[in-house]
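**Student:** First the structure, which I've put down as structure tokens, then a few questions once you've had a look.
The values are calculated or read from the model by the stated rules, or taken from the named source; none is laboratory data. Given the structure is predicted, the values throughout are model-derived calculations rather than measurements. Heads up, the Cβs are rebuilt from the backbone with ideal geometry, glycines too, and the neighbour counts pull from every protein chain shown.
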Amino acid sequence: MTDPTDIVISADSHVLEPKDLWTRALGPKYGEGVPRYIEGYGGDPGLYFFTGRHALKVGSSRDTDQVERYQKLETAGRDPAVRLGIMDVERVHAEVLNASWAMLTTSILDAALRRDCARVFNDYLVEYCAAAKKRLIGVALVPIEDVDWALLEIERVAAQGIAGVMVPLRPMEGAKPYRDPRYDRVWASLAEKHLPVTLHSGTGWVADPSTHYNDIQTVPRAFIEFFNEAAPVLAEDFIFGGILDRSPTLQLYLVEFDASWLPIFRYRAERIEKYPGLAPLKKPAGRFLAENVHVGFINDPLAAKLRAEIGVDRMMWGSDFPHPPCPYPNIRERLDTEILAGVPADERRKLVADNVRALYRIEV
């Protein structure tokens, strides 16, 4: 029997979609327009994932001395039985599973293809999680520019046991921003169904720095902008744009932006409240952060040190498994000696188990 006082749950892990996931399902309809793997791009050799708009080199940041480790991670990302075996060895009770390559499909310009790609991914994720529904917790991918389609997709995946929904960090360029009332039915549906909304890095307008391989001098700026992209959306749309005023029980989870930025964001938000001309909020901005917003961290070196300022009840650790930066192997040891060294046991339980259990209603 699992000891509920000694469990670890990753609030941010991933599946690795099969290489032919979209070509097999959507190739007959869209031809070469579907996201796919290609050999070589822009005159550079290697394997790339190509969406028609962005090309991301596969394995571009890997150390050559860790080939065996990478092979294990890739296998686990595609095979739930292998993943569960690793979870048992590492003593990880459950994982919240997000997309990997499917996140890049949110930048596809063809709206119909973008929706179809999300639906194909969601079907794959449901099948993957079926291997152990109480341990593999799926987060569907749902672009919401077409509100009627989004509502139907949310209903569909919720009925299949999906526990959360990832929406792109921003809607497509040219679409109305999330604060527009046309999306209110989506936020209300997600709140009513107790489906947390994930805002994940890599699904906004700032391209992954890894796609800047042809112009290396643009990487520093892209890297900074990439990890700062969530804060303006949180402020302009969800807090001061009124989304959380109109859907007060909606829960947001900001993933892979780290956590140590939140205290200075709170300070800025409290200053924004005093700006003349803005519509008054139903509650102080700080309360939205304390009641509606959760932040994830993997290896943020300041997260544990600033946990009181961030809010221990709003922080959730994730391993990022099976992506290469994850702290595998010896996850528990690295949590204790590196990531959460010195954190008292009661607070540690919140960061690695209690908070994510409550948010996603994970049974132990």
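**Student:** How about the stretch 161-186: which of its residues are crowded, with 17+ Cβ neighbours inside 10 Å and not aliphatic (A, V, I, L, M)?
**Tutor:** Correct list: G164, P168, R170, P171, Y178, R179, Y183.
**Student:** What is the residue count in the stretch 93-117 for residues that are under 30 Å from D354 (Cα atoms) and crowded, with 24+ Cβ neighbours inside 10 Å?
**Tutor:** Within the stretch 93-117, residues that are under 30 Å from D354 (Cα atoms) and crowded, with 24+ Cβ neighbours inside 10 Å number 7.
**Student:** Also: Picking from E95, E17, which residue would you name as being farther than 15 Å from C326 by Cβ, acidic (D, E), touching a residue at least 60 places away in the same chain (Cβ under 8 Å) and in contact with a helix residue (DSSP H, G or I) (Cβ under 8 Å, 6 or more places away or on another chain)?
**Tutor:** Residue meeting the stated conditions: E17.
**Student:** Could you run through the stretch 187-202 and say how many residues are farther than 22 Å from A259 by Cβ, in contact with a helix residue (DSSP H, G or I) (Cβ under 6 Å, 6 or more places away or on another chain) and surrounded by 18 or more Cβ atoms within 10 Å (Cβ to Cβ)?
**Tutor:** Number of matching residues: 2.
**Student:** Inspect all residues belonging to the stretch 265-272 and state whether any of them is assigned to a loop (DSSP other than H, G, I, E, B) and surrounded by 15 or more Cβ atoms within 10 Å (Cβ to Cβ).
**Tutor:** So far as the stretch 265-272 goes, no, none of its residues is assigned to a loop (DSSP other than H, G, I, E, B) and surrounded by 15 or more Cβ atoms within 10 Å (Cβ to Cβ).
**Student:** Quick one: which residue in L56, L73 is in contact (Cβ under 8 Å) with a residue 24 or more places away in the chain, aliphatic (A, V, I, L, M), in contact with a strand residue (DSSP E or B) (Cβ under 8 Å, 6 or more places away or on another chain) and within 27 Å of V295 (Cβ to Cβ)?
**Tutor:** After ruling out the rest, the residue left standing is L56.
**Student:** Would you be able to say whether some residue in the stretch 63-73 is in contact with a Phe, Trp or Tyr (Cβ under 6 Å, 6 or more places away or on another chain) and either closer than 14 Å to I108 by Cβ or of a type in the set (K, R) (or both)?
**Tutor:** no
**Student:** Determine, yes or no, whether R179 is among the basic types (K, R), modelled with pLDDT of 95 or more and out of contact with any helix residue (DSSP H, G or I) (no Cβ under 6 Å at 6 or more places or on another chain).
**Tutor:** Spelling it out, it is not the case that R179 is among the basic types (K, R), modelled with pLDDT of 95 or more and out of contact with any helix residue (DSSP H, G or I) (no Cβ under 6 Å at 6 or more places or on another chain).
**Student:** Same structure, new question: With the checklist (1) free of Cβ contacts under 8 Å to residues at least 60 places away in the same chain; (2) assigned to a loop (DSSP other than H, G, I, E, B); (3) crowded, with 16+ Cβ neighbours inside 10 Å; (4) in contact with a helix residue (DSSP H, G or I) (Cβ under 7 Å, 6 or more places away or on another chain) in hand, flag the one item N299 doesn't pass.
**Tutor:** (3)
**Student:** Being β-branched (V, I, T) and more than 21 Å from S10 (Cα to Cα), is that true of even one residue in the stretch 31-45?
**Tutor:** The answer is yes, given that some residue of the stretch 31-45 is β-branched (V, I, T) and more than 21 Å from S10 (Cα to Cα).
**Student:** In the stretch 287-304, what count of residues is obtained for those that are closer than 12 Å to I239 by Cα and in contact with a Lys or Arg (Cβ under 6 Å, 6 or more places away or on another chain)?
**Tutor:** Selection size over the stretch 287-304: 1.
**Student:** Let me ask something else. In the list A259, A304, which residue meets the criterion of being over 20 Å from the mean Cα position of the chain (by Cα), in a loop (DSSP other than H, G, I, E, B) and of a type in the set (G, A, S)?
**Tutor:** None of the others qualify; the one that does is A304.
**Student:** Could you please give the count of residues in the stretch 25-48 that are in a helix (DSSP H, G or I) and of a type outside the set (A, V, I, L, M)?
**Tutor:** Final tally of qualifying residues: 7.
Residues are listed down the side, and each one gets a yes or a no for (1) of a type outside the set (D, E); (2) under 27 Å from A112 (Cβ atoms); (3) surrounded by 19 or more Cβ atoms within 10 Å (Cβ to Cβ); (4) modelled with pLDDT of 95 or more:
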site	(1), (2), (3), (4)
M1	yes, no, no, no
D6	no, no, no, no
I9	yes, no, yes, yes
A25	yes, yes, no, yes
A76	yes, no, yes, yes
P80	yes, no, yes, yes
G85	yes, no, no, yes
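**Student:** Further question on the same structure: Can you tell me how many residues in the stretch 54-111 are of a type in the set (S, T, Y), closer than 19 Å to V167 by Cβ and assigned to a loop (DSSP other than H, G, I, E, B)?
**Tutor:** Matching residues across the stretch 54-111 total 1.
**Student:** Give the stretch 147-169 a look and list any residue that's over 17 Å from V197 (Cβ atoms) and in a loop (DSSP other than H, G, I, E, B), or say none.
**Tutor:** Q160, G161
**Student:** Please state which of the following conditions T51 fails to meet, knowing it meets all the rest: (1) out of contact with any Pro (no Cβ under 6 Å at 6 or more places or on another chain); (2) without any contact (Cβ under 8 Å) to a residue 60 or more places away in the chain.
**Tutor:** (1)
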